Amino acid sequence: MRSLARGYTDASIRVLGGYVVGEQTEPNIRISAARELLDRGWGKPNQPSETKLEGKVEIVLRDIALELRKKKTP
């Protein structure tokens with residue numbers, strides 16, 4: 001599937017580029033097309049995230065697994 005989709009890369013880039021420069025294109029569509037091209041050409045910017053875990057991770061995972069088992073049991 002991935003290789004089939006990649007076969008449309010050139011055509012897709014041309015379509016997006018057409019939206020970016022198209023005078024009749026709505027501004028929101030132009031911005032979205034430009035963002036898609038930039039993300040693919042230069043990568044998406046890093047999104048910093050902060051996570052604080054309390055307790056041990058393996059305990060949290062065990063508790064999640066127990067809850068899932070309870071939901072599956074009639």
ask   = Hey, in the GNM for the chain with a 10 angstrom Cα cutoff, which one of E50, E26, E36 fluctuates hardest?
value = E50
remark   = If the chain between R35 and L4 were fully extended at 0.36 nm per residue, the gain over the current Cα-Cα distance would be 8.8 nm
Qualifying trypsin sites (Lys or Arg not before Pro) in the chain, DSSP loop, other Cβ atoms within 10 Å at most 13 = K52, K56
task = Using only Cα atoms, tell me the angle between helix 9-21 and the longest principal axis of the chain; keep it within 0 to 90° and round to the nearest 10.
result = 70
remark   = Summed over the other residues with a beta carbon less than 13 angstrom from that of A33, with K and R at +1 and D and E at -1, the charge totals +1
key: the chain: Lys pairs at Cα distance under 29 angstrom, eight or more positions apart or on different chains   = 6
key: Stokes-Einstein D in µm²/s, Kirkwood radius over Cα pairs - the chain at 4 °C with 1.567 mPa s viscosity   = 77
message = Using only Cα atoms and rounding to the nearest 10 degrees, what angle (0 to 90) does helix 57-72 make with the longest principal axis of the chain?
response = 90
query = Counting Lys +1, Arg +1, Asp -1, Glu -1, what net charge surrounds G43 among other residues with beta carbon under 15 Å of its beta carbon?
reply = +1
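Only the coordinates and a few stated rules stand behind these numbers; no lab work does. Everything numeric here is computed off the predicted structure, so don't read it as measured data. Note: ideal-geometry Cβ built from the backbone for every residue, glycine included; neighbour counts use all protein chains shown.
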